[in-house]
Amino acid sequence: MIRESAELHVDDQGRVELPLGLLAEADITPGADIVAFSDGDGRIVLRRAEDSIRDLIEKGTL
């Protein structure tokens with residue numbers, strides 16, 4: 001698997017644009033619903049909503 005690394009910028013509105021290649025590596029398609037949460041200082045996790053919901057129901061965690 002090729003891992004794409006990208007340096008991104010948080011704009012004045014708090015938005016970040018992710019490269020399509022990065023989403024493709026994570027098997028996240030345009031238009032997908034995702035869940036975002038903080039995973040410690042300087043770290044944000046994005047997950048497909050259906051995966052997060054399943055883990056929450058089955059394991060009690062995101």
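Counting only alpha carbon atoms, the long axis of helix 49-59 and the longest principal axis of the chain meet at about 40°. Helix-only arithmetic for the chain: the sum of -39500 (n - 2.57) across DSSP H runs with n ≥ 4, divided by the residue total, places the mean residue ellipticity at 222 nm at -7500 deg cm²/dmol.
Taking 0.36 nm per residue of separation and subtracting the Cα-Cα distance, what length does fully extending Ala36 through Leu56 add?
Details: separation 20, 0.36 × 20 = 7.20 nm, distance 1.40 nm.
In short, 5.8 nm is gained.
Comparing Ser38, Leu20, Gly60 along the charge dipole axis of the chain, the residue lying farthest to the positive side is Gly60, per the Cβ-charge model.
Taken together, the values in this text are just the output of simple stated rules run on the coordinates, not laboratory data. Predicted, not measured: the structure shown is a model, and the values here were computed from it. We place every Cβ from the backbone using ideal geometry, glycine too, and count neighbours over all the protein chains shown.
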